[in-house]
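*Asks:* Dropping the structure in here first, questions after.
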């Protein structure tokens, strides 16, 4: 009986050694494997994207670098070396946006433009700021930073802007600058 127990113990020892020796610490490999999930799905250089709507060009985006993180749970794309976008209206007039950096959040359709942000309209109006958010679904723009807006009638320096893309409806914070006001003569005498 003791011989059987000894043989049994030997088999248990051999099996245990085999199991422990075959187990390798894969922690490093798992860390390396999981670190790829934070990597971009793609990077493109010197890109030019043409957006169309009903066979009409609506915008042309140019950038020297585009990094695509749409493989992450919160999908986004960034333009770390700047972006230039020319928008075309229904009359084929151009409006231009430039920034040193941009990031597009896929799920919210929010665009964050940063660094020397300049918007130029077909009418000559110009908006200059360090950061501007654009809600592309609602064609709405906003910033909490200082900005300068110039056109034929206005030269506004202010902090905080909340506006539609035509600048026909907007709110600002602290306001300085020049605004043309047309005086209407009072009809009550």
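*Asks:* Has the stretch 127-146 got any residue that is part of a loop (DSSP other than H, G, I, E, B), in contact with a strand residue (DSSP E or B) (Cβ under 9 Å, 6 or more places away or on another chain) and buried (at least 16 other Cβ atoms within 10 Å of the Cβ)?
*Replies:* Pass one, the stretch 127-146, residues part of a loop (DSSP other than H, G, I, E, B): 136-139.
Going one step further and asking which of them are in contact with a strand residue (DSSP E or B) (Cβ under 9 Å, 6 or more places away or on another chain), we end up with 136-139.
Now restrict to residues that are buried (at least 16 other Cβ atoms within 10 Å of the Cβ): none.
Within the stretch 127-146, none of the residues are part of a loop (DSSP other than H, G, I, E, B), in contact with a strand residue (DSSP E or B) (Cβ under 9 Å, 6 or more places away or on another chain) and buried (at least 16 other Cβ atoms within 10 Å of the Cβ).
*Asks:* Could I ask something else about it? Considering each of 57, 103 in turn, give the residue that is at pLDDT 90 or above and in a strand (DSSP E or B).
*Replies:* Numbers: 57 fails: at pLDDT 90 or above.
Result: 103 is the single residue among 57, 103 that is at pLDDT 90 or above and in a strand (DSSP E or B).
The values are calculated or read from the model by the stated rules, or taken from the named source; none is laboratory data. Bear in mind that the values here come from a model prediction, so they are computed numbers and not experimental data. We place every Cβ from the backbone using ideal geometry, glycine too, and count neighbours over all the protein chains shown.
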